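Enquirer: One structure coming up, written as structure tokens, with questions to follow.
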Amino acid sequence: MRIQNHPILNFQHKNKVTFTFEGNKMEGYDDEPIAAALVAAGIKVLSYSRKLRRPRGFFCAIGNCSSCLMKVNGIPNVRTCVTRLTEGMVIERQ
């Protein structure tokens, strides 16, 4: 699920890191967006709409919408599409 080759963008995957998503240990790359690591791990639903509880996924990828808001290291409303992954992060849906 991870983009390896792109005609315009250059993806430089750094060191692998481990993080926890809702109690499950996962791997991603240091300094990649949290949302990208989750999508690469097969996690498509990042949050749910407030009113109708509809699933929301990786949408704008630039921090403008609220589809990727999650709790990171106990801090709510973190925009995971622009927040970089680091070793040992604890990520949860809110």
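Enquirer: Which one of these is under 13 Å from the mean Cα position of the chain (by Cα), assigned to a loop (DSSP other than H, G, I, E, B) and closer than 20 Å to MET89 by Cα: LYS71, LYS14, LYS44?
Expert: Just a single option satisfies the conditions, and that option is LYS44.
Enquirer: Follow-up. With the structure loaded, tell me whether ALA61 is among the small types (Gly, Ala, Ser), modelled with pLDDT under 85 and within 12 Å of the chain's Cα centre (by Cα) or whether it fails that test.
Expert: Yes, satisfied.
Enquirer: For residues that are surrounded by fewer than 18 Cβ atoms within 10 Å (Cβ to Cβ) and touching a residue at least 12 places away in the same chain (Cβ under 8 Å), scanning just the range 60-74, find the one that is farthest from ARG2 (Cα to Cα).
Expert: GLY74
Enquirer: Go through the residues of the range 82-93 one by one and say whether even a single one is outside any strand (DSSP E or B), surrounded by fewer than 14 Cβ atoms within 10 Å (Cβ to Cβ), out of contact with any Leu (no Cβ under 8 Å at 6 or more places or on another chain) and free of Cβ contacts under 8 Å to residues at least 40 places away in the same chain.
Expert: For the range 82-93, residues outside any strand (DSSP E or B), surrounded by fewer than 14 Cβ atoms within 10 Å (Cβ to Cβ), out of contact with any Leu (no Cβ under 8 Å at 6 or more places or on another chain) and free of Cβ contacts under 8 Å to residues at least 40 places away in the same chain: absent.
Enquirer: Of everything in the range 1-30, what is of a type outside the set (A, V, I, L, M, F, W, C) and at pLDDT below 85? Give them in sequence order.
Expert: Result: ARG2, GLN4, ASN5, HIS6, PRO7, ASN10, GLN12, HIS13, LYS14.
Enquirer: Output the number of the condition that VAL78 fails; it satisfies all remaining conditions of (1) in contact with a Lys or Arg (Cβ under 9 Å, 6 or more places away or on another chain); (2) among the aliphatic types (A, V, I, L, M); (3) at positive phi.
Expert: (3)
Enquirer: Across the range 21-38, which residue is surrounded by the most Cβ atoms within 10 Å (Cβ to Cβ) among those that are acidic (Asp, Glu) and closer than 13 Å to GLY88 by Cβ?
Expert: ASP30
Enquirer: Still on this model: What are the pairs, 6+ residues apart or on separate chains, where a residue within the range 21-32 that is aliphatic (A, V, I, L, M) has its Cβ under 7 Å from a residue that is surrounded by 13 or more Cβ atoms within 10 Å (Cβ to Cβ) and in a strand (DSSP E or B)?
Expert: Listed by first residue and then by second, the contacts come to MET26/PHE19.
The values are calculated or read from the model by the stated rules, or taken from the named source; none is laboratory data. These figures come from a predicted structure and were not determined experimentally. Methodologically, a virtual Cβ is constructed for each residue, glycine included, from the backbone with ideal geometry; neighbour enumeration extends over all protein chains shown.
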